[in-house]
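All remarks here apply to the structure that follows.
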Amino acid sequence: MRRIDVFLIGIGLFVGGGALYAGFQAAGLDGLDAGIWAQGVLVVGLVGWLLTYLTRALTKNMTYNQQLKDYEDAVLQKRLDEMTPAQLEQLQAEIEQEKKVKSSTD
């Protein structure tokens, strides 16, 4: 995220809070109650965003993690593409041997 994006989000939240305040006043609430309700809506929105962020961070479903996984997959695919048929057969035999060893230890 660029610095200008952060500024624009901040300005948008400020303007949105003011619009909520004006909307609550237009709905018939006095200034104090309209301010409390506008703040409440913004706090609930902030907590909701925080929960989605924490969920993405804990499940490792963030942009960096996805890019890293895509890069690792591409590197492995490139290595497989560069292998000769004999090397592929040897790799397959090694994988089958590891499966047999693992299944016999379980």
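Summed over segment 28-42, the residues that are out of contact with any Gly (no Cβ under 8 Å at 6 or more places or on another chain) and under 13 Å from Gly16 (Cβ atoms) give a count of 1. If you filter segment 53-72 down to residues that are modelled with pLDDT of 90 or more and either touching a Phe, Trp or Tyr at 6+ places or on another chain (Cβ under 6 Å) or aliphatic (A, V, I, L, M) (or both), you find that the one that is nearest to Gly12 (Cα to Cα) is Leu54.
As for segment 21-31, it holds no residue that is within 25 Å of the chain's Cα centre (by Cα) and closer than 30 Å to Met1 by Cα.
Does Leu29 fit the bill of being assigned to a helix (DSSP H, G or I) and over 30 Å from Leu91 (Cα atoms)? No; evaluated as a whole, the condition is false for this residue.
When we screen Val101, Val75 for residues that are modelled with pLDDT of 90 or more and either in contact with a helix residue (DSSP H, G or I) (Cβ under 6 Å, 6 or more places away or on another chain) or assigned to a helix (DSSP H, G or I) (or both), the only hit is Val75.
Filtering Leu13, Leu50, Leu42 for residues that are of a type in the set (A, V, I, L, M, F, W, C), in a helix (DSSP H, G or I) and either in contact (Cβ under 8 Å) with a residue 40 or more places away in the chain or open to solvent by 100 Å² or more (accessible area, probe 1.4 Å) (or both) leaves a single hit, Leu13. Scanning segment 30-52 for residues that are at pLDDT 95 or above and in contact with a helix residue (DSSP H, G or I) (Cβ under 8 Å, 6 or more places away or on another chain) yields Asp33, Ala34, Gly35, Trp37, Ala38, Gln39, Val41, Leu42. Of all residues in segment 57-72, those satisfying the criterion of being open to solvent by 90 Å² or more (accessible area, probe 1.4 Å) and either touching a His at 6+ places or on another chain (Cβ under 9 Å) or assigned to a helix (DSSP H, G or I) (or both) are Leu58, Thr63, Tyr64, Gln67, Lys69, Tyr71, Glu72. Here Met1 meets each of (1) open to solvent by less than 100 Å² (accessible area, probe 1.4 Å); (2) aliphatic (A, V, I, L, M); (3) not in a helix (DSSP H, G or I) with one exception, condition (1).
The values are calculated or read from the model by the stated rules, or taken from the named source; none is laboratory data. Here the structure is a predicted model, which is why all the values come from computation and not from measurement. No Cβ is skipped: glycine too gets one built from the backbone with ideal geometry, and neighbour counts run over all protein chains shown. Please note that ligands, DNA and RNA were not included when accessible areas were found on the heavy atoms of the full protein model with its side chains. Shrake-Rupley method; radii C 1.70, N 1.55, O 1.52, S 1.80 Å.
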